[in-house]
Amino acid sequence: MKKPTVLTLSAMLMLTAAPLFAADLKIGLAEDPDILDPDQSRTFVGRIVYASLCDKLVDITPDLEIIPMLATEWSWSEDNLTLTMKLRDDVTFQDGTPFDAEAVAYNINRSQTLEESRRKSEVASITGTNVVDPTTIEISVAQPDATLMAQFADRAGMMVSPTAAEAAGVDFGNAPVCAGPYSFTERVQQDRIVLTKFAEYYNADAYSFDTVTFLPIVDTTVRLANLRAGDVDMIERLAATDVASVSADDGLTMEQATSLGYQGLTVNVANGDKAQNPFGQDKLVRQALSLSIDREAVNQVVFEGAFAAGNQPWPPTSPWYNKDLPIPARDIEAAKAKLAEAGVESPTVEIQVSTDPVAQQVTQVIQAMAAEAGITVNVVAKEFATQLSQQTAGDYEISQIGWSGRVDPDGNIHQFVTCEGGINDAKYCNLEVDQLLNDARATNDTAARKALYDQATAILDEDLPLIYVYHQNWIWAMDAGVTGFAAYPDGMIRLAGVSKAE
Amino acid sequence: MLRFIGHRLLIAIPTILLISVFVFLLQKLLPGDPVLALAGEDRNPEMLAFLREKYHLNDPIYVQYFNWIWNALQGDLGISLRTNQPVTTLIAQKLPVTIQLAVMALFFAVIIGIPAGILSAYKKGTWIDWVANIVALSGLSIPNFWLGIMMILLVSVNLGWLPASGYQPFTDDPLQSLKTMMMPAFVLGTGLAATLMRHTRSAMLGVLQSDYVRTARAKGLGERSVVVKHALRNALVPVVTVVTLLFGELLAGAVLTEQIFTIPGFGKLVVDAVFNRDYAVVQGIVLCTAIAFILMNILSDALYRVLNPKMSDQ
């Protein structure tokens, strides 16, 4: 009788010694996502959910290179007007519908024609699709479009099941069906979104959780408290001011990546009567304001150094950063000289900012810095929706606002500073800049594009319709048992290779 | 009694209509374009024009109002601009959550507030009265959100007794549901308990000095019987009024508490809706709240009559 007992015991010991993988991963989000339809949605947190739910045609590396996902290879025709893509042949949607070139054509058409589609502008250059065979599709564009591949690396490239989309129509987002590693199970508004592992996923072995639960927890302190209490395994957007305390906690780990976006001041240069002030009319005055700001100090004071100082539409870590224009050092004397040259020694300006306490703190620091150069800044806090509508209407002098960023540089600059740009609230218009940015869209040669963007940023750095100040860092905190997580500058949570030990 | 309730319900109809007009207009006065709030970062002009058309925001205000009230009468409160879900579905989803929170908070408020009020009135001027007053005063002065965060840090993070936030429907798992709601209900209840204690105390003080209580004592009744049977019953009439009014405060307080404890209830829904200029949701919620409030008032008037049958003649 002794022998089996020993055997049983050792078997039990082995069981406890082997790492046990937990079935569920709980992720605390900073907001509640909007509608879960890749063609209709617009929130950042929605994209975090899609990273587990909906595979895209292509993905990015942490260095922003485009890599295969549902498409295995692609090439542009000689004239850059036709994109040919080869597709994986082992993919099915979560409802069993096969993924093929027809499905891709359906998705592109849906992004372009669904009335509620938010992707229209992203795929506007596409004039048609041609299904060559089930794994080959040709996409033709009206004019060369260098941004298209990057669009396919985001929501415009997310493939939804044609069967499900046809059946649900505009309500597809209530029960989305895609081709990702996890399928949609349930959603309770403002409470949770639950995804379950999709067994037939082509790369299912890379995903170790049976279910993934997303919990929107808006308050940063409470989000962190939930992580500490073990109620969630991972949180996104840890507050910069909590970085020190999380680093000191042995039970938690942290990952960071500088975001693709920017934060700064948009100056009203030609958007209605409010542009009639020294800051709107004279670039020297804007240069003076920019020179008065110590960007690194803003980062240190408000974010305890956890973010990155900046002076361009993309962060210094980006391959698109113009190295000839390093972050300017603060220079009060030079700022005063600029003001003297412009003939306004003590100008006054109103900066509007959202009611978010951190954003207000940034403006107050800028206010104090500008004061030393003789610039009087009046800070006016406005609730975000109000700030946005006044900014669009031109009812502002300077607005402190940011942009979450796009993989392709075009997404961070074109619509903000071209004469007809959709979000050009400054109403800045410079035909030379328009030409450069349009040319940069039309070539697929990365080096040539970089040269064009360098020229454009040089002009913008002189004209300063936007004064870039800093770049947010995505900061994820997680239980020390969670391993294998890789930080990406797009702020997404990719669960391939992530596991959790109990 | 039935006639009384019927009469009150009839009066309620114009009140509710008036509230609906008021809310509708007030909302239109809010700065900030709902379409811009909805479009978010990608706010290009074509999208804005399309959304404006889709949600009939180009129609004159009175047309918008009549469309809305006409649909509301048929039980359709519109759809959320943000998530495309029907407002009635959202309300049906959130209302039970907030009712559970409110009931549990009222429970805490009543079991703490009323006994403390009785005791401090009965032991007026003694140390018990002092302690009860100090506790009540702190309950009133400590902000909910601060107490909430402190409780989370203490009870969930340090002691690990209760979940830090989240919500479990009562029907799914009653025990877990009570556990998740315990802290928020307590936080919400403490502030109310303090108000309740102050009111019970002053009502009791008044009643304890009245002639009939002296008579009851003179008859040789036991103190327990005098206080509970004779004094408390009459002192409860103003307290019931306060509890009804507190219900409104509860809904207001729930906004903050739900935010802190991430409870997917009415309060959180309305705050998010206001910030997103989700008009349909705000209107739907205010309408429902107004109706609930009016019903609570009718209920409390009916309760007076149960507590004090003499009032039935009035």
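The values are calculated or read from the model by the stated rules, or taken from the named source; none is laboratory data. Bear in mind that the values here come from a model prediction, so they are computed numbers and not experimental data. Don't worry about glycine lacking a Cβ; one is built from the backbone with ideal geometry, like all the others, and counts go over all protein chains shown.
For every residue, the table says whether it meets (1) within 14 Å of another protein chain (Cβ to nearest Cβ); (2) in contact (Cβ under 8 Å) with a residue 12 or more places away in the chain; (3) among the aromatic types (Phe, Trp, Tyr).
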site: B:MET197; (1), (2), (3): no, yes, no
site: B:GLY220; (1), (2), (3): no, no, no
site: B:GLU223; (1), (2), (3): no, no, no
site: B:HIS230; (1), (2), (3): no, yes, no
site: B:VAL243; (1), (2), (3): no, yes, no
site: B:VAL271; (1), (2), (3): yes, yes, no
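Scan (1) within 14 Å of another protein chain (Cβ to nearest Cβ); (2) farther than 22 Å from A:ASN299 by Cα for the single condition A:VAL246 breaks and write down its number.
With respect to (1) within 14 Å of another protein chain (Cβ to nearest Cβ); (2) farther than 22 Å from A:ASN299 by Cα, A:VAL246 is out only on (2).
With respect to A:GLU78, is the statement that it is among the charged types (D, E, K, R), touching a residue at least 24 places away in the same chain (Cβ under 8 Å) and either surrounded by fewer than 18 Cβ atoms within 10 Å (Cβ to Cβ) or within 14 Å of another protein chain (Cβ to nearest Cβ) (or both) true?
Values: among the charged types (D, E, K, R): yes; touching a residue at least 24 places away in the same chain (Cβ under 8 Å): no; either surrounded by fewer than 18 Cβ atoms within 10 Å (Cβ to Cβ) or within 14 Å of another protein chain (Cβ to nearest Cβ) (or both): yes.
In short, no.
When you check B:SER202 against the structure, is it more than 22 Å from B:ILE111 (Cβ to Cβ), of a type in the set (S, T, N, Q) and assigned by TED's automatic domain parsing to the domain that holds B:ALA121, yes or no?
So B:SER202 fails the test.
Which condition number in (1) among the aliphatic types (A, V, I, L, M); (2) buried (at least 22 other Cβ atoms within 10 Å of the Cβ); (3) within 14 Å of chain B (Cβ to nearest Cβ); (4) more than 28 Å from A:GLU122 (Cβ to Cβ) is the one that A:LEU388 fails?
Every condition holds for A:LEU388 apart from (4).
Could you figure out which of (1) at pLDDT 95 or above; (2) within 14 Å of chain B (Cβ to nearest Cβ); (3) crowded, with 21+ Cβ neighbours inside 10 Å isn't true of A:PRO216?
(1)
Within region A:49-68, how many residues turn out to be surrounded by fewer than 21 Cβ atoms within 10 Å (Cβ to Cβ) and part of a loop (DSSP other than H, G, I, E, B)?
Count: 5.
Could you tell me whether any residue of region A:315-324 is in contact (Cβ under 8 Å) with a residue 60 or more places away in the chain and part of a helix (DSSP H, G or I)?
No, because not a single residue in region A:315-324 is in contact (Cβ under 8 Å) with a residue 60 or more places away in the chain and part of a helix (DSSP H, G or I).
Within the set of pairs 6 or more residues apart or between chains, which connect a residue that is facing chain A (nearest Cβ under 9 Å) inside region B:77-94 to a residue that is surrounded by fewer than 24 Cβ atoms within 10 Å (Cβ to Cβ) and at pLDDT below 85 with Cβ atoms less than 6 Å apart?
B:ARG82/B:ASN276
Could you check, for region A:293-308, whether at least one of its residues is touching a strand residue (DSSP E or B) at 6+ places or on another chain (Cβ under 6 Å), surrounded by fewer than 17 Cβ atoms within 10 Å (Cβ to Cβ) and within 23 Å of A:LEU464 (Cβ to Cβ)?
Yes; the residues of region A:293-308 include at least one that is touching a strand residue (DSSP E or B) at 6+ places or on another chain (Cβ under 6 Å), surrounded by fewer than 17 Cβ atoms within 10 Å (Cβ to Cβ) and within 23 Å of A:LEU464 (Cβ to Cβ).
Looking at this structure, is B:LEU25 more than 14 Å from chain A (Cβ to nearest Cβ), touching a residue at least 24 places away in the same chain (Cβ under 8 Å) and exposed (fewer than 13 other Cβ atoms within 10 Å of the Cβ)? Spell out how you get there, then give the answer.
Working: more than 14 Å from chain A (Cβ to nearest Cβ): yes; touching a residue at least 24 places away in the same chain (Cβ under 8 Å): yes; exposed (fewer than 13 other Cβ atoms within 10 Å of the Cβ): yes.
It is true that B:LEU25 is more than 14 Å from chain A (Cβ to nearest Cβ), touching a residue at least 24 places away in the same chain (Cβ under 8 Å) and exposed (fewer than 13 other Cβ atoms within 10 Å of the Cβ).
Only one of these is more than 29 Å from B:CYS288 (Cβ to Cβ) and part of a loop (DSSP other than H, G, I, E, B): B:GLY166, B:GLY160. Name it.
B:GLY160
Could you list, in sequence order, all residues of region B:248-269 that are buried (at least 19 other Cβ atoms within 10 Å of the Cβ) and away from every other protein chain (no Cβ under 14 Å)?
B:LEU250, B:LEU251, B:GLY253 - these are the residues of region B:248-269 that are buried (at least 19 other Cβ atoms within 10 Å of the Cβ) and away from every other protein chain (no Cβ under 14 Å).
Can you give me the ranges of the helices (runs of 4 or more DSSP H) entirely in region B:194-276 with at least 3 residues that are over 20 Å from the mean Cα position of the chain (by Cα)?
Here the list reads B:211-218, B:233-261.
Restricting attention to region B:200-237, report how many residues are more than 13 Å from B:LEU119 (Cα to Cα) and surrounded by fewer than 16 Cβ atoms within 10 Å (Cβ to Cβ).
Qualifying residue count, region B:200-237: 16.
Could you please find all residues in region B:157-175 being within 13 Å of chain A (Cβ to nearest Cβ) and in contact (Cβ under 8 Å) with a residue 12 or more places away in the chain?
Within region B:157-175, B:LEU162, B:PRO163, B:ALA164, B:SER165, B:GLY166, B:TYR167, B:GLN168, B:PRO169 qualify.
Conditions (1) more than 11 Å from chain B (Cβ to nearest Cβ); (2) closer than 15 Å to A:TRP474 by Cα, marked per residue:
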site	(1), (2)
A:THR221	no, no
A:ALA225	no, no
A:GLY230	no, no
A:ASP233	yes, no
A:ASP242	yes, yes
A:ASP250	yes, no
A:GLN256	yes, yes
A:SER259	yes, yes
A:GLY264	yes, no
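Which residue is nearest to the other protein chains (Cβ to nearest Cβ), if the candidates are limited to region A:366-385 and must be surrounded by 19 or more Cβ atoms within 10 Å (Cβ to Cβ) and within 24 Å of A:PRO278 (Cβ to Cβ)?
Result: A:LYS382.
Within region B:197-254, can you find the residues that are hydrophobic (A, V, I, L, M, F, W, C) and in contact with a Gly (Cβ under 6 Å, 6 or more places away or on another chain)?
Going residue by residue through region B:197-254, those that are hydrophobic (A, V, I, L, M, F, W, C) are B:197, B:203-205, B:207-208, B:213, B:216, B:218, B:221, B:226-228, B:231-232, B:235-237, B:239-240, B:242-243, B:245-247, B:250-252, B:254.
Selection gives B:MET197, B:ALA254.
Let's see how each residue does on (1) hydroxyl-bearing (Ser, Thr, Tyr); (2) out of contact with any helix residue (DSSP H, G or I) (no Cβ under 6 Å at 6 or more places or on another chain); (3) under 17 Å from A:GLN360 (Cα atoms):
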residue	(1), (2), (3)
A:GLY264	no, yes, yes
A:ASN271	no, yes, no
A:ASN277	no, yes, no
A:LEU291	no, no, no
A:VAL301	no, no, yes
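In region B:269-293, how many residues are of a type outside the set (A, V, I, L, M, F, W, C) and at pLDDT below 80?
2
Is it the case that some residue within region A:113-127 is at pLDDT 95 or above, farther than 23 Å from A:ALA51 by Cβ, surrounded by fewer than 20 Cβ atoms within 10 Å (Cβ to Cβ) and not aliphatic (A, V, I, L, M)?
Yes, there is a match, as at least one residue in region A:113-127 is at pLDDT 95 or above, farther than 23 Å from A:ALA51 by Cβ, surrounded by fewer than 20 Cβ atoms within 10 Å (Cβ to Cβ) and not aliphatic (A, V, I, L, M).
I'd like the residue in region A:249-278 that is part of a strand (DSSP E or B) and in contact with a Lys or Arg (Cβ under 8 Å, 6 or more places away or on another chain) and, out of all such residues, is nearest to A:LEU64 (Cα to Cα).
In this case the residue turns out to be A:LEU252.
Taking into account only those residues within region A:120-152 that are within 25 Å of the chain's Cα centre (by Cα) and among the acidic types (Asp, Glu), which is nearest to A:GLN415 (Cα to Cα)? Walk me through it before giving the result.
Taking region A:120-152 and keeping what is within 25 Å of the chain's Cα centre (by Cα), we get A:120-126, A:144-152.
The next check asks that each one be among the acidic types (Asp, Glu); those that pass are A:122, A:145.
Working: A:GLU122: 12, A:ASP145: 15 Å.
Once the filter is applied, the top-ranked residue is A:GLU122.
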